[in-house]
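The values are calculated or read from the model by the stated rules, or taken from the named source; none is laboratory data. Since the model is a prediction, treat every value here as computed from it, not as a measurement. Don't worry about glycine lacking a Cβ; one is built from the backbone with ideal geometry, like all the others, and counts go over all protein chains shown. Heavy atoms of the whole protein, side chains included, go into the accessibility calculation; ligands, DNA and RNA do not. Shrake-Rupley method; radii C 1.70, N 1.55, O 1.52, S 1.80 Å.
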Amino acid sequence: LSASGQPLWGEAGIAVCRAPTGQFAPVIATDGTGGAIIAWHDYRSNAGEDIYAQHLDSSGRAYWQENGLPICAASGTQWFPTIAGDDRGGAVISWTDGRNGSADNNIYAQRVDGSGSQLWPKDGLPVCQSGGNQEKPVILAVADGFVLAWNDFRSGNSDIYSQKLSADGLPLWPKDGVPVCSLPFVQENPQLAADGSGGAIIAWTDARAEAANVFAQRVYRDGRTAWQENGLPLSKSDADQKNPTLVKLLKEEWVVIWEDYRAGKPQLFAQKIDSTGASFWPKGGLPIAPAPRQELPIAAASPTGNIIVAWQDGRYGNYDIYAQKLSGDGSTFFGKSGEL
């Protein structure tokens with residue numbers, strides 16, 4: 001789409017993959033020149049899901065073979081990829097990998113260049129092979145590599161672990177990752193934003209209390225955690241909070257947005273934090289657009305330091321898409337209840 005919303009690849013879009021059976025869970029990263037690398041999990045082998053990818057140029061032409069390249073076709077199930085551009089026309093793709101069986105899922109990754117050459121070992125590089133399941137990775141490109149985080153069951157319950165890889169695929173933090181939060185009960189659904197210094201800010205849903213709340217932690221470029229052990233609460237509440245997303249502002253500040261059930265039905269709230277973990281907005285968070293049934297927020301920062309938040313919204317019974325624009329000081333631009 002152009003900046004004015006005009007479709008540039010025809011009214012019906014460009015087919016990325018038309019292989020038999022199903023293709024699911026697509027993820028996308030820019031190639032830096034107006035095109036994109038797209039990855040997904042694919043059932044075409046009829047023997048478990050595999051990871052495929054395709055590179056489209058700025059005109060929508062496919063660079064790689066028809067219906068995509070196999071990024072990982074190992075035995076078992078590989079699914080729900082995540083992707084980050086490498087700033088050199090390629091990308092790093094990570095996924096949950098069940099080649100050792102469904103009770104021993106691990107995290108794997110592959111780096112692919114713009115021509116489709118795979119730069120790390122065939123069928124992927126093991127990022128974490130600890131005991132128990134490791135699932136649902138997320139990935140972020142930073143100045144000197146790639147930071148990953150995932151749900152980790154090595155202790156018997158879901159914790160958050162993280163690893164940093166160099167451009168060559170070398171682990172820069174301890175083998176099988178560093179614990180971001182390893183308390184009992186469930187920590188899950190990590191989300192990442194760059195800290196601007198080779199590390200990351202990580203936010204997640206945390207059930208250490210009676211209700212699930214949103215916590216965050218900063219991990220330095222060397223793998224040390226910066227804030228209090230096992231993370232900082234962004235908004236303590238007796239009601240559930242979940243599905244956080246976060247964006248970096250122009251300075252060393254970040255905004256975290258989440259679903260909050262304090263009113264009985266989910267509404268979106270936000271909090272701004274700095275590099276020390278200090279909060280700037282109201283203690284319980286800032287309401288984005290007070291209305292019932294707001295879910296699954298996504299967000300992006302603008303070059304001027306504002307934030308656009310979009311979500312699925314059920315205020316009228318069926319789900320619609322709404323958006324809100326926030327300034328760095330928390331002022332809203334699209335009215336009290338957001339823009340349809």
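So the values come out like this:
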quantity	calculated
Whichever aspartates and glutamates have a C-alpha closer than 19 Å to that of Lys175, once near sequence neighbours (fewer than 8 apart) are set aside	Asp97, Asp104, Glu135, Asp144, Asp152, Asp159, Asp222
Unit charges on C-beta of K, R, D, E only; dipole of segment 56-166, Debye	80 debye
Share of pairwise Cα separations in segment 266-340, more than 17 Å, in percent	43 percent
Using a Förster distance of 51 Å, the FRET efficiency for Ala211-Lys175 (Cβ separation, nearest 0.05)	0.90
Percent carbon-and-sulfur accessible area, segment 214-329, ignoring ligands, DNA and RNA, probe 1.4 Å	52 percent
Cα-Cα over 26 Å, subset of Lys272/Lys336; Lys136/Lys251; Lys236/Lys272; Lys164/Lys283	Lys136/Lys251; Lys164/Lys283
Per-pair calculated FRET efficiency, R0 = 30 Å: Phe333 and Gln6 via Cβ, rounded to 0.05	0.80
Highest-MSF residue in the chain out of Ile37, Ile107, Ile307 [GNM, Cα springs under 10 Å]	Ile307
Amide H within-cut-off set for Gln78, under 5 Å, with H built and near neighbours excluded	Glu49, Asp50, Gly98
Pairwise label distance in nanometres, Ala300 with Asp320, each label 7 Å out on the Cα-Cβ vector	2.2 nm
Cα centre as origin, Lys/Arg/Asp/Glu Cβ charges: the chain dipole, Debye	400 debye
Segment 281-334, dipole about Cα centre (Lys/Arg Cβ +1, Asp/Glu Cβ -1), debye to the nearest 20	100 debye
Rel. contact order, % - alpha carbon contacts under 8 angstrom, at least six apart, the chain	7 percent
Residues with amide H under 5 Å from that of Trp227, placed H, sequence gap 5 or more	Arg218
Positive dipole terminus of segment 78-231, leading residue within Ser117, Ile93, Ala226 (C-beta point charges)	Ser117
Cα-based shape type of the chain, given that a ≥ b ≥ c are square roots of the gyration tensor eigenvalues and the cut on a/c is 1.5	oblate
Protein accessible area in segment 116-197, 1.4 Å probe - carbon and sulfur %	56 percent
Extension gain, Glu253 back to Ser117 (0.36 nm per residue minus Cα-Cα distance, nm)	45.3 nm
Spin-label pair Asp274/Gln129, simplified geometry with 7 Å Cα→Cβ offset, distance in nm	4.5 nm
Computed accessible area, Tyr319, all protein chains, 1.4 angstrom probe, square angstrom	100 Å²
At R0 = 35 Å, FRET efficiency that the Cβ-Cβ distance of Lys265 and Ala167 yields, to 0.05	0.20
Tyr220 versus Ala103: modelled label distance in nm, points set 7 Å from Cα along the beta carbon direction	4.0 nm
For segment 69-225: accessible area per residue (Å², 1.4 Å)	37 Å²
Phi-based couplings in Hz for segment 330-340 (Karplus 6.51, -1.76, 1.60; Gly and Pro marked x)	x, 6, 9, 9, 9, x, 4, 10, x, 10, 5
Extreme residue, positive dipole direction of the chain, given options Trp173, Leu286, Ser59 (C-beta unit charges)	Leu286
Accessible area, probe 1.4 Å, largest first, for residues Asp168, Asp260	Asp168, Asp260
